[in-house]
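Since the structure comes first, as structure tokens, the remarks are kept for the end.
The values are calculated or read from the model by the stated rules, or taken from the named source; none is laboratory data. These figures come from a predicted structure and were not determined experimentally. Because the Cβ atoms are built from the backbone with ideal geometry, glycine has one as well, and the counts that use them run over all protein chains shown.
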Amino acid sequence: MRRISILALGVAALLFVPVASAQAHPPHQATDESDFVLRIRCDGFTLVDQVHIEGRLQRFFNEDGTRRRVTIHNRWEGTITNKATGEFVAIDPGHWTDTLVGSVITTRGQLYSIKIASLGIFIHGVGRVVTDLRTGEILFESSTEAHHQDYSDLCNALA
């Protein structure tokens, strides 16, 4: 799932192209929406997660107009489907914030929440991850994501 959250983070970051400011102003704000597809590999088949993401971007500047940080407030929802069987599950909306300062991005919040209560499946990606975008190194992680590398229950439920 780490690949999914890093992909989602990359997509969210690419939604907005930073623009330099010539003078200090209140935060510049923009919004955007995007649809894309993620794939979850199961034993013998692939689940397709059709995702819709909404982002609200804020760019903050210092007195001389140099960008200090970028904050993106994200909301995403999706539906995971086994295209072969038609079985699916809707994902509870994720909501998280990415803060970019220099080349370091901090992601905090709930990236995803997959629940199939009748089968006892509860998979959440919640926490805080600090990553150096130049090296890809995770500088800090306090997240449930590391505990959800095995999606066999989800795959079995949608087989």
Worksheet item: Which of the residues that make up the stretch 49-94 are in a strand (DSSP E or B), over 27 Å from Ile105 (Cβ atoms) and touching a Ser or Thr at 6+ places or on another chain (Cβ under 9 Å)?
Response: Phe88, Val89, Ala90
Response to the item:
Scanning the stretch 27-81 residue by residue, the ones that are out of contact with any Leu (no Cβ under 9 Å at 6 or more places or on another chain), more than 19 Å from Ser103 (Cα to Cα) and β-branched (Val, Ile, Thr) total 3
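Matching residues to (1) under 12 Å from the mean Cα position of the chain (by Cα); (2) among the acidic types (Asp, Glu); (3) at pLDDT 90 or above:
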| residue | (1), (2), (3) |
| --- | --- |
| Thr81 | no, no, yes |
| Thr85 | no, no, yes |
| His95 | yes, no, yes |
| Val101 | no, no, yes |
| Tyr112 | yes, no, no |
| Glu145 | yes, yes, no |
Worksheet entry | Pairs where the first residue, in the stretch 82-109, is surrounded by fewer than 18 Cβ atoms within 10 Å (Cβ to Cβ) and aromatic (Phe, Trp, Tyr) and the second is assigned to a strand (DSSP E or B) and modelled with pLDDT of 90 or more, C-beta under 8 Å, 6+ apart | Phe88/Thr79; Phe88/Ile80; Phe88/Thr81
Worksheet, complete the sentence: Scanning the stretch 120-136 for residues that are exposed (fewer than 14 other Cβ atoms within 10 Å of the Cβ) and at positive phi gives Gly120, Gly136
Practice prompt. Working only within the stretch 110-119, note down all residues that are surrounded by fewer than 20 Cβ atoms within 10 Å (Cβ to Cβ) and aliphatic (A, V, I, L, M).
Written response: Ile116, Ala117, Leu119
Practice prompt. Give the residues of the stretch 32-45 that are assigned to a strand (DSSP E or B), over 15 Å from Gly78 (Cβ atoms) and touching a residue at least 24 places away in the same chain (Cβ under 8 Å), sorted by residue number.
Written response: Asp32, Cys42, Phe45
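For (1) under 12 Å from the mean Cα position of the chain (by Cα); (2) modelled with pLDDT of 90 or more; (3) not charged (D, E, K, R), each residue gets a yes or a no:
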residue: Arg2; (1), (2), (3): yes, no, no
residue: Ile6; (1), (2), (3): yes, no, yes
residue: Pro18; (1), (2), (3): no, no, yes
residue: Ala22; (1), (2), (3): no, no, yes
residue: Cys42; (1), (2), (3): no, yes, yes
residue: Phe45; (1), (2), (3): no, yes, yes
residue: Gln50; (1), (2), (3): no, yes, yes
